[in-house]
Structure formats: structure tokens, C-alpha cells
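Participant: Dumping the structure here so I can ask a few things about it.
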Amino acid sequence: MLPIRFDASGWRLSLALAHLDGARLLLSLADGRELDLLAEADEPQVTELGEGATVTRVCAAHDALLARMVWTCEPQAVTLQVHIKALQPLGLQRLTLLDAPLADVKIADSAIARRVVTQPASMGFRQSPGAYSLTEGPESCTMAVALGNSSGALVLGQVGEPRRTISLATSDARLRVWCDLEGQHLAPGDTLQSERLYITADASLHAALERYGDQYAPLGRYVSADVCGWNSWDYYLRSINQEMVEENVACLDARPWLRDAARAVVIDDGWQNSRGDWRPGSHFDLPAFVARCRAAGRLPGIWLAPFCVDTNSPLVRQRPDLLVYGADGVPQLGLMWFMLDPTHDESERMIRRWFRDLYAIGFRYFKVDFILVLMMAERLAHETTPRLETVRRVLRAIREEIGESYFLGCSAPPEAVVGICDGNRIGADIRPDWGAILHATRTVAAKYWMHNRLYVSDADFVVVRSPETSDDPHRVHPMTLSRQAMRAGMGIPGGPPDLGGPRRPAGAPSSPQTPAEGDPFMEMMGRRPAPLTQLGESRCWVTVSLLSGGPLTLSDRLSQLNAAGWRQIETMFRLFTGVAARPLDLLDAETPAVWVRDDELPLLALFNWSDAPVEITVGLQSLPASLRGPLVDAWSGESYVPEGDGFRLSVAARDVALLRREGDGAGVAP
């Protein structure tokens, strides 16, 4: 068994792992050799540990090095760290901290059935966080993984100041945890410490995940309510100018209930000359925009992707030496762009200057996107530290330039930004599209426990526009543009897709739009385009955004929303507390359907993600006391009382019942 066993009697912490048949602690060297550090390890003197106890095992597997395994017993957890001292010159490739048969991973003497992946290692389009069987889904993930069955869950993850990325996988009937040492060289006498692996278990999956998240103390500078607002991206994409921004700010100001609740106004991509030239184009007067925002008590925000360089940027022509190059000597593409190599002194000075200048103008909200491209670089010119540490060093440099401003990381692995950024995007890119909503919901559910632990979680934008909520004849237009732009940038053949279907004139009755066929980009992402066609679909995403606990950031063209659209937004803000809900069926469902928020405004959300009406039953024993009495659906206004030992209600296809106590969220009309 693993060093933790959880059963009905409580915790038992043992060191039996080292004696497992087939259990290994492996060190892979750059010359191709692989050493099993457990092969000649001494025997531990203690097999049961009490809290605070530490057991060290000395490993003498090879005359080239000395290694020690240090197990430490913490409250309801143990940690493992490996220390290596070189006796000869060594090149280190990978350290496998744990490699054991899955059959020996047990909870209450039952085999593990499923896993919850919180961050796929590839961060690719098809790789989605969520619950999977042990053989499905992403091959590996980073930072943490939860393994569970009907009796409880085991969570393994890295803790402490991140320097290297820990990867975790279940494949070939084994559980493996490793960190990439990236060819690090040790001279005789040099030492290396691995990342600390934290292992905890509980009868409750949620308790185990939250206990792990508690190991990262939140920064505490911001809460979600500080940074709710509006962002230009989802509707306008890069076709944005100052007049468009100010039109939407006027819509915020026109509604007293929203004026103070949505303070942040963020100009996303499109304000700059190009990626790589982060100066405002002629279509923006940034000082005037900031002055108006601050005079009105708003938080002016701006988006940058400082590590991305457009292929036609002046930087490519003037300073090609600052780009990231592949092994073939050609500038490497990261996603759709060249990459700026931050290990050049001039590159870091340039990055600092961009942020310093924008801070001087008065911006106090910085959204920094595509951080992950630096993790994708084949090599960096002057890299002397592990890649993750290099990325965190550059992010700290940005933090130094923007002071106490709100710092939102985006497209970044959690381990890269924790402890540096105030917030981090946890959701996948959202669109007013049913497939995008399903994908983003799975991501938010798998990462719910990060909110107000690692950082303020950001689920991405709140978008509600559909034929039922918007009178805009161009409401599908941004989706068309985004697919064209992405396909062109990624070299996907076939030309731009024809979304098809008539656009509805203002006042005309709504009609379903046929999803586009033959869209290679969407096929690559494993999704079929499905623009929203009914009221329940947008209600689902509004509800997920509310339950994420993160900032509510609107991103429609607000002047084009009708009464139904504004009703959804108002209901969301009236019930907003900044607390994340728990998806109760996280381990069992592809897309969790039962969510509970237990705070001063408790909520029970019951989703129907299918294409037909369903009957949903929720037992009272799974609900907090505050949700065991009469409840009202915040969307329909219908009242419900428990029937016997639970609630039973019918939910329409692609819709949600959002149940609250009577009187909570007063002023919201169904």
C-alpha cells in the first residue's frame, strides 16, 4: 500500500511503500542510465508515524551519488522529499518520486475507481480538466491529482515554493509522480532537493482537495468583489476602439445596482500596435481613458501578452536576437506567435518598461496572458534555473513594476503563478456556444477548490447573448472572426468556415441556428460549434460563473442586451458573494450537475446538461442545514419543499434550477 491508508477507523500512516514488490524511486541520468534509489536503501526504524514525526531513509544505490528520502508526518498528511548529493559529475534528467502498482492504492481496502485531473500536462485544446477513469483522459497532469472511489479520495500534489513542475500519471496499471530535472548538471559535492510531494486522504473528496489547497496561503490583497466589471474581448475581439469601450461603460453607469458592483473596465487585445510592440495605437487615448475611469471610481485595466510576438511585429525585424529559437536555429512558434526570450537582459528591461509605462498612466489591473508559451519553449538562451523558476522570476519582475495592482494570470499553469498573481484564469475560453460552456464548466468544477486558496479564481467572462437575450443582429460575428483568425494563425487549411443560418433582425422571433459543419479548428478541439439558441443555455453559464466564486466580468455588447439578458445579469449580481460552490458529483459525473454553496446566501444548483428533460433527486443528508427547508428557484420563481428525505424536481433540457432560500437575493425578479 501507499504511505497513507484511510479507512473507517481514521488515519494510519506507514512507510510500507518502500517494501512493495515493484515500487521504485527512480533517478534518470542525462547519459541514459536509470538508477533505482530504493534498491539498496536502509530499513526504516519506524513503521507507524505520529504527527510531526520524520523518518529519513538513506539510499546508496550508486557510487556516483548519495540520496535521502525524507518522510514527514503532518496533520492528516505526509510529505516526501528526496535529497541528492553528487559524488561524481552528474547530468540529471528526471526524478521519479513515486512509481507503484495502482492495485496497491486503496481507500477503505477498495481499489481506486476514478481520478480528478486539475491541470492536464499538455494544456492542449483537447486536454480538459475533469473526472475520468484511470485509463481515460489526459495521460498526465501537473501540480495535483485526486484518486477516489465511493469510500473517499487520495490527493497527491506538490507544495512549497514551486521551482520545478511535478507531473502525475496513472498508466500501465501504475501510479507515477515525477519532476523533470531538465538535464541539470551537478559537480561533485553539489546537492539537489526535489519538490515536496504532499499526500492526503479523506472520506470526502472535497475535504481532501480543500486541505491540499490550504497548503497555499492566499495573498489576501483582493477579493472577487473588488474586480468585477467588463472586458472588451469576447464581443469585440481585436476590433476595439475607445468609443466602443465608453459605450459599454455608459451601460454600466446607467444601472445603479451595477454601477458600484462592476468597477473594473478592462481593455483586452487590440489596443496595442502589435504583440511585441506594446504601445497604444492611434485608436486609443489611454491617459484620457484612465482619467475618466478613476474620476468615476472605476478600476482601469489592460491586457498584455508580453511573451508573444506577432510575426509582423517590428521587434522581429529590429531585434530578432531576442526571440526564442528552436534547436534548428529558427524562431520557435508558441501557439500562433514567436516568443520573446526573457532570459536576455534587454528582454527583461523591455518587459519591465512596458508595465512601468502603463502603471505610470494609471492602470491598476493587469491581465497577463499566454504565460504558458514560456513553458513550451524548446530552450532559452541564458537559462540557469529550472524552467518554472525562470517563468516565476519574470512574473516577479512584472509584479515589481505594477506594485499592488490587481495581477491576473491567464493561460498559465497554477504552479507558475501561485504566490505572485492575485488571480488566475481557471476556466477554458468561453464563447456564447453550448460546447464551450460544457468544456468550461468541467474546468471550473475540477478547480473549484483553488479559489481563495491559491488565488482568486477567474472562470472567464460572463456572456449571455443569444436569440433570447440579445437583439443584436451581429451577436454571432465574434465567433466567426475568432475561428477565422485562429485558423489562419495556426495554418489550418480549408479557409474560413461559413457559420450559416440567418441573423435575426431586431424584434424578429428566435429560431435555432444550425451548428457549422466541417470546421477543422473546432474538430481539433474536440468540439462541434453550437451557438446558443435558448434561454436555459445562457442561464447555465451565468449560474456556473456565479458559483465559481470568482469575479463576474461581463463581455457582451451591453447596449444590445434585452430585458431577458439584463435579468440574468442582475440575478447573478444579487446572489454573488465571492464564495465558490462545491460540485457534489465531481468525481462521478463528466459535467457535474449538483452544486452547493454554503455561506450567508446558500444556493443549490441542479443542472440538466442533456438534450431532454430530467428528474433530479437530491438527498437532504448531502445538503447543509441552511438548504433543507423551503427553497425558491431564482430563475423561474417556483417554490419547492422537501419531499420525504430530499428534493425532487424536473429540469428542462439544457437548463438549471438555482434554488435559494425565500428572501435571499431580494429584489431579483424571476
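Participant: Net charge around GLN242, counting only other residues with Cβ within less than 11 Å of its Cβ (Lys, Arg = +1; Asp, Glu = -1)?
Facilitator: Net charge in that neighbourhood comes out at -3.
Participant: Going by accessible area, probe 1.4 Å, with all protein chains left in place, what is the ranking of ARG396, ARG453, largest first? Please list the in-between numbers first.
Facilitator: On the way: ARG396 90, ARG453 50 Å².
My answer, sorted largest first, is ARG396, ARG453.
Participant: All other residues with a Cβ under 11 Å from the Cβ of GLY301 taken together, and with Lys, Arg as +1 and Asp, Glu as -1, what is their net charge?
Facilitator: Numbers: positive: ARG263, ARG298, ARG364, LYS367; negative: ASP268.
In short, +3.
Participant: List the lysines whose alpha-carbon lies under 28 Å from that of LYS106, not counting same-chain residues fewer than 8 positions away?
Facilitator: LYS447
Participant: Antiparallel as a % of all DSSP beta bridges within the range 154-277, to the nearest 5? Intermediate results must be reported in sequence, preceding the final value.
Facilitator: Working: 13 of 16 bridges.
Percentage antiparallel, nearest 5: 80.
Participant: Another question, if that's okay. So what does LYS85 come to for accessible area, using a 1.4 Å probe and Å² rounded to 10?
Facilitator: 90
Participant: What accessible surface, in Å², does a 1.4 Å probe find on CYS308, ignoring ligands, DNA and RNA and rounding to the nearest 10?
Facilitator: Accessible area, nearest 10 Å²: 0 Å².
Participant: Tell me the net charge near GLY629. Cut-off is 10 Å between Cβ atoms, GLY629 excluded, with +1 for each Lys or Arg and -1 for each Asp or Glu.
Facilitator: +1
Participant: What nm value, rounded to one decimal, do you get for the distance between ARG68 and ILE616 when each label is placed 7 Å out toward the C-beta?
Facilitator: Distance between label points: 5.3 nm.
The values are calculated or read from the model by the stated rules, or taken from the named source; none is laboratory data. What you see is a predicted model, and the numbers here were worked out from it, not measured in a lab. Backbone-built Cβ (ideal geometry, glycine too); neighbour counts: all protein chains shown. Quick note on the areas: whole protein, heavy atoms, side chains included, nothing else; ligands and nucleic acids left out. Shrake-Rupley method; radii C 1.70, N 1.55, O 1.52, S 1.80 Å.
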